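The values are calculated or read from the model by the stated rules, or taken from the named source; none is laboratory data. Keep in mind the model is a prediction, meaning the values are calculated, not measured. All Cβ positions, glycine included, derive from the backbone under ideal geometry; neighbour counts span all protein chains shown. Heads up: the accessible areas ignore ligands, DNA and RNA and are worked out on the full protein's heavy atoms, side chains in. Shrake-Rupley method; radii C 1.70, N 1.55, O 1.52, S 1.80 Å.
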Amino acid sequence: MEIATVARPYAEALFQIAQKQDLLHWSQLIEALAKIGSHPQVLEVANNPTLRKDQIASVLFQIFHCENDEPVKNFIRVLVENDRVALLPEIARQFEELKNASQGSAIVQIVSAFPLTEAQTNELVSKLEKRFGRKLIPTIEIDKSLIGGVCVTVGDEVLDLSVRGKLQKMQETLVS
């Protein structure tokens with residue numbers, strides 16, 4: 001089963017709780033939980049077969065500093081009971097997507113062959129916002145294997161404007 005599929009119900013449930021409370025607080029909280037929860041030593045504790053589930057949860061409460069925060073403790077208990085602590089980064093990613101969508105925005109992942117200046121980034125994001133019809137929050141990565149251009153991902157839509165992508169399309173056309 002795909003990790004995104006397994007994480008989705010947790011992200012959606014957490015988002016529903018956050019909407020009723022403080023969305024920004026929960027967004028920051030789940031981001032922090034994801035960073036801590038992806039640490040190898042935390043995962044080692046979470047997957048330790050010699051510990052009972054309540055012991056694992058208790059250790060995680062201390063690691064996450066949430067001993068006095070009942071909603072967070074409940075969330076962690078559910079993850080521990082279902083052996084889903086390793087999903088925290090994916091849950092956080094999906095939670096952020098839900099939060100952004102509720103605010104009419106989305107994260108755009110821009111992979112560029114070369115570093116982009118602030119002006120280039122702003123111009124690209126402006127054009128992409130017109131195309132996708134919503135406010136976009138850019139994250140930028142560099143991948144020299146693209147040769148030139150960019151590859152853009154918004155949600156499940158991918159726009160490959162790289163030289164590598166164009167060469168691959170040309171090769172497919174020539175082969176078929």
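If residue 81 satisfies every condition in (1) of a type in the set (D, E, K, R); (2) within 30 Å of residue 143 (Cβ to Cβ); (3) open to solvent by 50 Å² or more (accessible area, probe 1.4 Å) but one, which is the exception?
Checking residue 81 against (1) of a type in the set (D, E, K, R); (2) within 30 Å of residue 143 (Cβ to Cβ); (3) open to solvent by 50 Å² or more (accessible area, probe 1.4 Å), the one that fails is (2).
Test of understanding: among 145, 102, 112, which residue is within 28 Å of residue 38 (Cβ to Cβ) and open to solvent by less than 50 Å² (accessible area, probe 1.4 Å)?
Step by step, each of 145, 102, 112 is checked, and only 112 is within 28 Å of residue 38 (Cβ to Cβ) and open to solvent by less than 50 Å² (accessible area, probe 1.4 Å).
Mind checking whether some residue in segment 48-57 is hydrophobic (A, V, I, L, M, F, W, C) and either open to solvent by 70 Å² or more (accessible area, probe 1.4 Å) or over 21 Å from residue 17 (Cβ atoms) (or both)?
yes
Conditions tested, residue by residue: (1) of a type in the set (Asp, Glu); (2) over 29 Å from residue 156 (Cα atoms).
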{"position": "5", "(1), (2)": "no, no"}
{"position": "11", "(1), (2)": "no, no"}
{"position": "21", "(1), (2)": "no, no"}
{"position": "50", "(1), (2)": "no, yes"}
{"position": "60", "(1), (2)": "no, yes"}
{"position": "81", "(1), (2)": "yes, yes"}
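If I ask for residues that are farther than 30 Å from residue 100 by Cα and of a type in the set (Asp, Glu), which ones from segment 11-66 would you list?
Scanning segment 11-66 gives 44, 54.
Take residue 79 and tell me if it is touching a residue at least 24 places away in the same chain (Cβ under 8 Å) and outside any strand (DSSP E or B).
Considered against the rule, which asks whether it is touching a residue at least 24 places away in the same chain (Cβ under 8 Å) and outside any strand (DSSP E or B), residue 79 comes out as yes.
Given the options 60, 43, 23, name the one that is crowded, with 20+ Cβ neighbours inside 10 Å and in contact (Cβ under 8 Å) with a residue 12 or more places away in the chain.
Among 60, 43, 23, only 60 is crowded, with 20+ Cβ neighbours inside 10 Å and in contact (Cβ under 8 Å) with a residue 12 or more places away in the chain.
When you look at residue 86, is it closer than 30 Å to residue 46 by Cβ and under 21 Å from the mean Cα position of the chain (by Cα), yes or no?
yes
So if I check each of 153, 121, 139, which one is farther than 24 Å from residue 4 by Cα and modelled with pLDDT of 90 or more?
It is 121.
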